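The values are calculated or read from the model by the stated rules, or taken from the named source; none is laboratory data. Model, not experiment: these values are computed from the prediction. Ideal geometry is used to build each Cβ from the backbone, glycine not excepted, and the neighbour counts take in all protein chains shown. All accessible areas refer to the heavy atoms of the entire protein, side chains included, with ligands and DNA or RNA removed. Shrake-Rupley method; radii C 1.70, N 1.55, O 1.52, S 1.80 Å.
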Amino acid sequence: RPPNVVLIVADDQGWAELGCQGVQDVPTPHLDRLAEKGARFTQAYVTASVCSPSRAGLLTGRYQQRFGHEFNPGREAADAASHGLPLDEKTIADHLKAAGYRAAAIGKWHLGMTEAMHPLGRGFDTFYGFLHGGHGYFPTTGRRAKRNPILRDRAVVTESAYLTDAFAREAVAFVRAHHAKPFFLYLPFNAVHTPLQAPDEDRARFEDVADADRRTYLAMQWAMDRAVGAVVGELERHALLGDTLILYVSDNGGPTR
């Protein structure tokens, strides 16, 4: 059968924030396992140092400067019809869908807010996540929640789970539902992008870390590694690891603050 493709994207994860990179205080056992059993591209680079252009280049396979997408939008431009991945650019999902794949995008989109630029118009059969460039990790209400809601396809939903765990739940459910035929799972987390927010039980794992921000960051990364493990575990349950290409990348480096 054609191989399944699982493309996992971290958000603002620094080069040194993985155990497989030799760092001692970052526990990432599931990602380290992928690195150990797979190939590490240590001289590979993304095509932009900020989120939206990097993702545009990744999903199209083209330098984003070639189609005028080299900058993140400002807050005003983010809602504008002119901002987003140009409609004449094809995505990985477009190409794989034409080859008979079922495609899902689960997580952060950041490639356009308009109806035409929605993931369901860019080759994906299903979407769960948010369209803007950033989102809190815990349930929110009010103006911010209305401006950037969590969507299931095009419908607004109320998400009660920690967002990284919610994206893991949706990704596992997609694999479970579509394991019998070739699929493309695009899983762009918003972790470990700010705001620094993590469940108390995850923060408690790092109670010996003196710096409170670092403690929360490590907990956020722990949750994302756990999410990756859940997806890989579901692939294993369906005996699909031998039929699946798993790729992991950060959209750009981490802000030092």
* In the list ALA56, ALA10, which residue meets the criterion of being small (Gly, Ala, Ser) and either more than 28 Å from ALA239 (Cβ to Cβ) or out of contact with any Ser or Thr (no Cβ under 8 Å at 6 or more places or on another chain) (or both)? -> ALA56
* Asked: Name the pairs whose Cβ atoms lie under 6 Å apart, with the first residue in region 33-59 and over 30 Å from LEU87 (Cα atoms), the second surrounded by fewer than 12 Cβ atoms within 10 Å (Cβ to Cβ), and 6 or more positions between them or separate chains?
  -> none
* To do: Looking only at region 35-47, decide whether some residue is open to solvent by less than 80 Å² (accessible area, probe 1.4 Å), farther than 22 Å from ASN190 by Cα and of a type in the set (A, V, I, L, M, F, W, C).
  => yes
* Which of (1) farther than 24 Å from ARG1 by Cα; (2) touching a helix residue (DSSP H, G or I) at 6+ places or on another chain (Cβ under 8 Å) is the odd one out, the single condition ALA171 does not satisfy? -> (1)
* Within region 7-22, how many residues turn out to be touching a strand residue (DSSP E or B) at 6+ places or on another chain (Cβ under 6 Å) and crowded, with 23+ Cβ neighbours inside 10 Å? -> 4
* **Verdict on PHE124 being part of a loop (DSSP other than H, G, I, E, B) and either touching a Gly at 6+ places or on another chain (Cβ under 6 Å) or surrounded by 21 or more Cβ atoms within 10 Å (Cβ to Cβ) (or both)** => yes
* Asked: Is there a residue being within 17 Å of the chain's Cα centre (by Cα), surrounded by 21 or more Cβ atoms within 10 Å (Cβ to Cβ) and not β-branched (Val, Ile, Thr) anywhere in region 241-253?
  -> yes
* State which residue pairs qualify: first residue on the phi < 0 side of the Ramachandran plot and touching a residue at least 24 places away in the same chain (Cβ under 8 Å) and inside region 180-194, second residue of a type in the set (Val, Ile, Thr) and part of a strand (DSSP E or B) in any location, beta carbons under 6 Å apart, and separation of 6 or more residues or different chains. => PHE184/VAL5; LEU185/VAL6; LEU187/ILE8; LEU187/ILE106; PRO188/VAL9
* Can you pull out the strands (runs of 3 or more DSSP E) entirely within region 136-208 that have at least 3 residues that are crowded, with 20+ Cβ neighbours inside 10 Å? -> 183-188
* Asked: Scanning for something open to solvent by less than 50 Å² (accessible area, probe 1.4 Å) and either modelled with pLDDT under 95 or outside any helix (DSSP H, G or I) (or both), does region 222-230 turn up at least one residue?
  -> no
